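Peer 1: A single structure is presented below for examination.
Throughout, read-outs are computed from the coordinates displayed, never taken from laboratory work. Everything numeric here is computed off the predicted structure, so don't read it as measured data. Neighbour counts are summed over all protein chains in view; Cβ atoms, including those assigned to glycine, are modelled from backbone coordinates with ideal geometry.
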Amino acid sequence: MSAQHHEHGHNHDGHETYVTHYSAKDYAIGFVLSLILTVIPFWLVMGNVLPPDTTRIVILAFAGVQVVVQMIYFLHLNSKSEDGWNMMATILTIVLLVIVLSGSIWVMYHMNANMMPAMGGASDTLHGPHDMQ
């Protein structure tokens, strides 16, 4: 018998699959980081540690980092898996995160500036407390 080489159509040349096995340690690290990234902004707000404008920016920064931590440790997105498509998903998520966070701040700022009644301004002299009944 001669040595024959059979090809079954299952040749995977150039299509190496990157498989990562995550351990309980990875999940524990993600959990601890998420906990820290939640407790610090809570403490900043409840302790009234920073001025309100600075607190808003710090909370948004912690929220952005929280999303990245969630994507890495729980969704397992990295640049090597799925032939780089996970990295594209990560970049898209970061772009959407920036749009949502900056849009939220913009909306909240303008709602506060345009819809809140003036505190101690000229409008208090026009309408007294008896007019609000």
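Peer 1: Per residue, what volume in Å³ does the Cα convex hull of the stretch 44-115 take up?
Peer 2: Here the figure is 97 Å³ per residue.
Peer 1: Here's something else I'd like to know. May I ask for the net charge around Thr90, where only other residues with Cβ less than 13 Å from the Cβ of Thr90 are counted and Lys, Arg are +1 while Asp, Glu are -1?
Peer 2: Result for the local shell: 0.
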